[in-house]
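Readers should treat all values here as calculations from the given coordinates under stated rules, not as data from a laboratory. Note that the structure is predicted; figures quoted are calculated from it, not measured. Every residue, glycine as well, gets a Cβ built from its backbone with ideal geometry; the counts of neighbours run over all protein chains shown.
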Amino acid sequence: MQITILHMFPDLMNLYGDDGNVKALAAYLRAAGIDVCVKQFLVEEPFDAEGVDIICVGSGTEAGAKRAGKKLAEEKEKIDAYINAGGFVLATGNGFELFGEEGSGTFPYTGAPKDARVVSECLCKTELIPEYVIGFVNHANHVTGVGKPFMENIKGYGESFHKDHFYGMHLIGPVLARNPAFLRYFAKELIKSKDASYEIPDVDLSFEEQAYAHFIEKYTELMQEG
């Protein structure tokens with residue numbers, strides 16, 4: 001089996017090292033015995049989703065996001081077709097806003113500037129996995145129209161949106177590298193979409209799990225202190 005990852009706007013939308021999501025996902029898939037191909041989509045190029053299994057896009061400056069959003073608006077028909085056909089998308093930071101009214105308009109949510117920029121660590125709960133999801137947020141927009149977010153903010157603040165195989169969130173960090181349980185869930189969903197009969201081996205994420213547990217321990221202590 002081969003899975004093709006399209007890294008969208010790696011030059012414009014990688015302000016917080018969100019290419020770590022691409023690296024973490026590719027490493028997991030390869031450890032599971034899957035051939036991985038990573039392609040890039042730059043703003044100067046036409047969008048081509050032929051053979052693409054998942055799109056990953058991260059966070060950028062306001063100027064970078066505006067330029068990326070304009071490009072996705074131009075490619076709306078192809079973006080909609082890819083998502084409606086069941087293509088996976090992981091969009092983090094203000095990258096997830098690109099699929100709303102400020103970009104392709106694929107989903108009916110919109111971002112508007114907040115009175116103050118939100119900068120904080122976040123602790124979230126989701127029905128997708130039993131573990132907390134951790135991340136960082138640094139954004140200036142409030143997103144409306146997402147309905148019920150698929151991640152509940154226990155500490156910190158950021159919006160999220162999930163429909164079918166689209167996962168959008170303000171969390172940066174990168175979120176897959178910091179959350180081994182979410183990485184495992186996400187990778188397995190992606191693999192099953194390609195071949196439901198594929199026997200996924202147990203991939204060792206012990207190092208990532210230790211780092212995650214250490215953060216949860218220290219962050220919980222800080223929450224209790226104040």
query: Is the shape of the stretch 70-133 rounded, prolate or oblate, going by the alpha carbon gyration tensor and its root eigenvalues a ≥ b ≥ c, with a/c under 1.5 for rounded and a/b larger than b/c for prolate?
result: oblate
task: Please list 49-62, 145-158, 86-99 highest first by mean number of surrounding beta-carbon atoms within 10 Å per residue.
output: 86-99, 49-62, 145-158
- request: Grab the Cα-Cα distance for LYS155 and LYS218, subtract it from 0.36 nm times how many residues apart they are, and report the gain in nm with one decimal.
  value: 21.3 nm
- prompt: Any idea what Rg and Dmax come out to for the stretch 69-226 if you just take the C-alpha atoms, in Å?
  reply: 16.6, 50
query: Given +1 on the Cβ of Lys and Arg, -1 on the Cβ of Asp and Glu, and no further charges, what dipole in debye does the chain carry about its Cα centre, rounded to the nearest 20?
result: 260 debye
message: Just to check I understand the Karplus step: with θ = phi - 60° and J = 6.51 cos²θ - 1.76 cosθ + 1.60, what whole-Hz values come out for the stretch 212-219, glycine and proline as x?
response: 5, 4, 5, 5, 4, 4, 5, 5
- request: Set Lys and Arg Cβ to +1 and Asp and Glu Cβ to -1, take the dipole of the chain about its Cα centre, and tell me which of ALA32, SER160, PHE182 lies farthest positive.
  value: SER160
field: Mean Cα-pair separation over length for the stretch 2-225, i.e. relative contact order, pairs under 8 Å, 6 or more apart, %
entry: 19 percent
